[in-house]
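Structure first, commentary second.
Derivation of every value follows stated rules applied to the coordinates shown; laboratory data play no part. Just so we're clear, the structure is a prediction, and the values are computed from it rather than from any experiment. Every residue, glycine as well, gets a Cβ built from its backbone with ideal geometry; the counts of neighbours run over all protein chains shown.
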Amino acid sequence: MRYLPLSDNERGQMLAKIGVQSIDDLFVDVPEEARLTGPIRELPNHASEMAVERHFKALAAKNTVAGEVPFFIGAGAYRHHVPASVDHIIQRGEFLTAYTPYQPEIAQGTLQMLFEFQTQVARMLGTDVANASMYDGSTSCWEAISMARRITKKKKAILSPGVHPHYVSVAKTMARFTGDILDTSLPTLDGTTDLEAELLNSIDDETSCVVVQYPDILGNINDLTRISHKAQEYKALLIAVVTEPVAMGAIKSPGEMGADIVVGEGQSIGVGLQFGGPYVGLFGCKAKYVRQMPGRLCGETVDAEGKRGFVLTLSTREQHIRRDKATSNICTNSGLCALAFSVHMTLLGEKGLRDLAMVNHTKAVKAADRLTSIEGVEMVTGNFFNEFTLRLPTDARAIVQQLADQQILGGVSLGRLYPDSDGLDNGLVIAVTETVLDEDIEIFANALETILSGGVS
Amino acid sequence: MNQRDLNQGRPSRIEGDIDTTNGRKLSTFSGNKALMLDEPLIFELGSRETCGVDIDVMEPIESRLGGLERHQPIGLAGLSESETVRHYTRLSRQNYAIDLGLFPLGSCTMKHNPRLNEKMARIAGFADIHPMQPISTVQGALELIDELAHWLKTLTGMPAVAMSPKAGAHGELCGILAIRAALEARGDAREVILVPESAHGTNPATAAFAGYRVEEIPATEGGRVDVEALAARLGPDVAGVMITNPNTCGLFEPDMRKISDLVHAAGGLVYCDGANFNAIVGRVRPGDLGIDAMHINLHKTFSTPHGGGGPGSGPVVLSEALAPYAPLPYVTKSSDFFQLVEEEQSLSEDSDTFGRMTAFHGQMGMFTRALSYIMSHGADGLKQVSEDAVLNANYILRSMDDVLDAPFGHSGPCMHEALFSDKGLADGFSTINISKGLIDEGYHPMTMYFPLVVHGAMLVEPTETESKHALDNFIGSFRHVVNQAKEGDQSLLQAPHFAPRARLDETAAARRPILVWNEPETAQAAE
């Protein structure tokens with residue numbers, strides 16, 4: 001057993017020191033009928049590194065690797081290039097095998113990194129402060145709604161139709177138990193309804209917050225200023241959700257447009273796809289709300305010799321101190337993913353993030369132009385960053401599957417995202433990042449063209 | 001004789017960086033001390049022009065950003081790759097970690113993180129797949145989730161498992177929401193969750209987050225749940241209990257089966273906090289004790305790295321009574337095809353699910369690591385894991401209880417962690433001084449002041465991946481520091497003396513929080 005250092009001889013010596021005859025004597029508190037006598041028989045015994053590796057490789061071979069095919073999927077998780085040094089740094093044992101920095105004198109590495117992360121996130125989202133991370137964007141979004149209830153002492157949250165449907169689902173799950181009232185609506189493909197006007201109209205005195213995604217689930221980017229003003233007028237908070245933080249290199253931040261709380265999914269930067277997790281939730285807000293924030297916060301201080309150092313702070317908000325009065329039940333967050341995010345952000349810097357964002361936008365525009373040149377394919381999205389929605393002449397679910405059968409991962413059908421809404425079935429959400437090559441766009445467009453014209457490519 | 005000889009080669013403890021031969025304080029121009037290197041913030045090192053990534057230059061196009069183009073600078077600092085690697089490497093050296101030594105943080109299970117697990121998680125077929133890929137293109141990933149689920153169900157003796165919760169506290173929430181959904185489904189609204197006073201803070205926080213009122217159940221003098229007090233409080237308003245087993249005092253709850261039966265008889269349901277499953281894995285199945293839900297911290301029992309505070313992963317095993325309410329999405333298998341049940345499939349299957357807890361399918365990167373760990377150990381190895389974890393903890397308990405008060409040590413063995421109190425230390429000395437003394441000895445301290453039921457609690461969890469040699473060294477240091485605290489050794493009050501930082505001013509940090517870096521001119525202007 002390669003991970004267990006004790007020898008039988010040592011086990012014997014230790015039992016003698018303890019003063020018992022056998023290991024069973026240490027399990028005396030377990031009722032006899034619940035004690036297993038030998039290894040669980042339905043499960044196999046231990047395996048060598050080679051055997052485990054063989055098994056994993058066989059399973060992995062049954063998946064289509066995003067990086068090996070033309071790839072256009074987004075909808076809340078984006079495939080970006082992660083520099084080699086990011087993965088190297090997060091595998092350093094001093095980061096990888098450290099715990100939450102409860103003992104600051106021997107955790108300055110993690111703490112300084114978190115302080116830098118908080119600064120990067122706050123600047124990127126345009127907020128005064130940011131926390132040391134949440135589980136992911138969807139749980140950050142719910143925590144923001146919950147925080148708005150605590151601040152405004154009101155219970156009605158208005159979620160714009162552009163919020164990721166899975167984020168809306170998470171909020172609905174929680175609201176069912178907390179008694180929050182969620183005002184939700186679905187996006188449309190026809191562009192005839194003025195969604196912003198409807199959103200503005202629904203804000204009233206009962207409203208605790210308005211939740212807007214930016215860019216939204218269809219890829220639209222809309223100015224948040226009017227919503228911010230209206231929310232302010234009714235003493236409601238504006239919560240902005242950013243699922244593609246690379247966009248912040250190209251467009252104004254939500255904070256700049258008046259958002260009170262900005263949450264996000266940080267996966268895009270440094271973390272990778274990983275089939276949905278672990279990811280890293282971003283959480284920033286105006287400084288005046290800091291004591292209502294969920295999650296860990298790292299703050300600057302000095303040590304007894306006057307040297308700058310960092311500690312976890314404002315922990316009187318948290319579960320280990322406040323128990324049932326805590327702002328959230330969160331304990332473990334997403335430390336190592338926050339490190340990956342922060343290292344990648346450090347490598348990019350101001351210039352890199354802006355350049356990267358423009359490459360994304362440029363490629364997305366190229367792809368949009370090529371795909372909308374196909375007969376019967378129409379653009380739904382107005383202004384966009386690196387993701388947009390097309391209306392196909394037929395149900396997009398079948399098209400996505402046909403493309404996948406040809407080893408092309410061609411976006412996410414709105415039918416999968418909104419199974420209970422027939423009007424959205426023909427929608428296809430397409431993301432284009434710097435990892436997409438011109439020939440990928442050609443392969444995708446040609447295949448789509450052939451499928452739609454009824455042919456077989 | 002010089003200082004070095006007096007100390008037999010060990011560093012001096014009291015003098016720090018004072019050269020005692022002439023009383024002159026030794027310092028360096030840089031402020032560094034050889035390999036102890038300070039490091040500025042990236043914002044102080046980098047610039048807005050520097051970039052550590054080469055990015056393609058594109059032909060300019062007509063923007064479709066609709067007038068929302070960014071004009072203001074973001075305010076980020078960039079470093080070249082060489083500077084970046086150096087920055088983080090220097091920072092890393094200011095951290096304690098399992099890779100450096102024994103990490104006896106009770107209840108946190110800081111065991112060795114096998115590197116095979118890291119390698120498995122990085123196979124492109126798992127690391128580079130998107131959660132929204134068509135189901136036919138991720139069959140291997142779903143099979144892996146199903147396989148891990150099978151292990152977790154079999155090891156716990158439970159019929160179902162919800163895989164999506166993102167960490168332990170998220171798993172608690174999953175279990176409590178399932179309990180609430182099950183009770184509501186039978187038209188039985190109940191308002192109270194009972195939690196023992198020794199519980200981890202996430203338990204009451206979770207129950208409150210889910211809309212329940214929390215009431216505490218006292219502990220007995222033996223450190224167990226007071227079953228009589230619990231039975232007396234049960235009634236039609238009690239939705240359930242949250243019991244940690246083994247509990248936070250490091251003790252098994254011998255009456256767990258009885259507690260489950262009492263709660264069930266009163267119409268409630270039983271949540272078991274599985275944070276300490278490491279003590280019994282492979283030897284005891286919680287399902288045999290009558291529980292309805294239990295989360296498993298994959299980052300504790302199954303050794304996915306703690307990463308300086310996450311990511312964790314908290315799958316929740318469920319009883320027949322709760323299984324129908326499990327969250328979306330989940331994996332099912334029909335013939336040879338693995339299906340991911342999301343909103344679409346649950347609509348057509350008329351499911352009772354309480355809904356979705358997170359955007360995607362859970363912590364896949366942790367599932368791969370945990371399965372790699374579990375397969376490596378197998379049924380025989382996992383049994384050995386719990387046995388060695390318990391053996392190591394009892395070895396520490398019996399190697400310390402002559403110098404340090406072990407409040408429950410007289411009643412019998414502990415499980416995977418040994419609990420001590422600060423009774424008998426000199427006036428003015430407390431648990432924190434022992435913690436900081438251990439830092440100077442080269443160890444991460446144990447969990448301190450938790451559980452709350454013991455005065456000045458010190459909760460020591462060595463885990464099964466420590467050798468006898470490592471334990472003996474730790475015990476030597478621990479005894480030494482305890483004796484210092486009993487003798488009133490004043491140097492201990494200022495410890496740590498040899499860490500990258502001396503004691504940090506946490507009060508000042510909370511009074512005037514500085515949570516982000518500001519350019520010096522802005523910082524000054526704000527004052």
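Just tell me how shielded A:384-391 is by partners: mean number of partner chain Cβ atoms within 10 Å of each residue's Cβ, no decimals.
Partner-chain Cβ atoms within 10 Å, mean over residues of A:384-391: 1.
Mind checking the full-extension length gain between A:T178 and A:E305? Use 0.36 nm per residue of separation minus the Cα-Cα distance, one decimal, nm.
Here the segment from A:T178 to A:E305 would lengthen by 41.0 nm.
Give, to the nearest whole percent, the P(r) tail of the range B:378-509 beyond 26 angstrom, counting all Cα pairs.
Here the long-distance tail beyond 26 Å is 24 percent of all Cα pairs in the range B:378-509.
Rounded to the nearest 0.05, what FRET efficiency do A:S453 and B:Q72 give with R0 = 45 Å and r taken as the Cβ-Cβ distance? Could you check?
For R0 = 45 Å, the calculated efficiency reads 0.45.
Can you tell me the order of A:130-136, A:311-317, B:68-74 when each peptide is scored by its average per-residue count of other Cβ atoms within 10 angstrom, highest first?
By packing density, highest mean first, the sequence is A:130-136, A:311-317, B:68-74.
Which value in nm describes the separation of the simple spin-label points at A:N45 and B:S467, placed 7 Å from the Cα toward the beta carbon?
In this crude spin-label approximation the distance works out to 2.5 nm.
Modelling each spin label as a point 7 Å along the Cα-to-Cβ direction, I'd like the A:D438/A:S421 distance in nm, to one decimal.
Taking the simple label geometry, A:D438 and A:S421 are separated by 3.7 nm.
If you take every DSSP beta bridge fully contained in the range A:84-345, what fraction is antiparallel? Give it as a percent rounded to 5.
Beta bridges within the range A:84-345, antiparallel portion: roughly 45 percent.
Could you tell me the extents of the range A:193-266's C-alpha atoms along the three principal axes, largest first, rounded to whole Å?
35, 27, 17
Among the trypsin sites (Lys or Arg not before Pro) in the range B:159-229, which ones are in a DSSP loop with at most 15 other Cβ atoms within 10 Å of the Cβ? Mind listing them?
Those that pass, being in a loop and sparsely packed, are B:R186.
Can you tell me what share of the DSSP beta bridges in chain B is antiparallel? A percent to the nearest 5 is fine.
55 percent
What ranking do A:254-263, B:260-269, A:161-170 get when scored by the average of other Cβ atoms within 10 Å per residue, highest first?
My ranking of the peptides, most packed first, is A:254-263, A:161-170, B:260-269.
Please state, as a whole number in µm²/s, the translational diffusion coefficient that the Stokes-Einstein equation yields for chain A at 4 °C and 1.567 mPa s, with Rh defined as the Kirkwood radius across alpha carbon pairs.
53 µm²/s
Just the number, please: Stokes-Einstein D of the range A:8-52 in µm²/s, Kirkwood Rh from C-alpha pairs, 37 °C, 0.692 mPa s.
In µm²/s, the coefficient is 247.
What nm value, rounded to one decimal, do you get for the distance between A:K153 and B:R213 when each label is placed 7 Å out toward the C-beta?
According to this spin-label approximation, the distance is 2.1 nm.
Go through the range B:349-458 and name the trypsin sites (Lys or Arg not before Pro) that are in a DSSP coil and have 15 or fewer other Cβ atoms within 10 Å of their Cβ.
B:K423
What number results when the radius of gyration of the protein assembly as shown, computed over Cα atoms, is divided by 2.2 N^0.38 Å?
0.92
Can you give the net charge of the other residues whose Cβ lies under 15 Å from the Cβ of B:P413, counting K and R as +1 and D and E as -1?
Taking every other residue near B:P413 into account, the sum is -3.
Pull out a ≥ b ≥ c, the square roots of the eigenvalues of the alpha-carbon gyration tensor of the range A:388-451, then state rounded if a/c is under 1.5, prolate if not and a/b is larger than b/c, and oblate in the remaining case.
It comes out prolate by the Cα gyration axes.
Could you give the C-alpha radius of gyration of chain B expressed as a fraction of 2.2 N^0.38 Å, taking N as the number of residues it contains?
Against the empirical 2.2 N^0.38 Å value, I get 1.11 for chain B.
Restricting things to Cα coordinates, could you compute the convex hull volume per residue of the range A:1-120 in Å³?
285 Å³
Can you pull the mean other chain C-beta count within 10 Å for peptide A:261-274?
3
Report the residues of the range A:139-174 in range of a label on A:E198: point 7 Å along Cα→C-beta, backbone N strictly under 11 Å from it.
Residues passing the 11 Å test: A:160-162.
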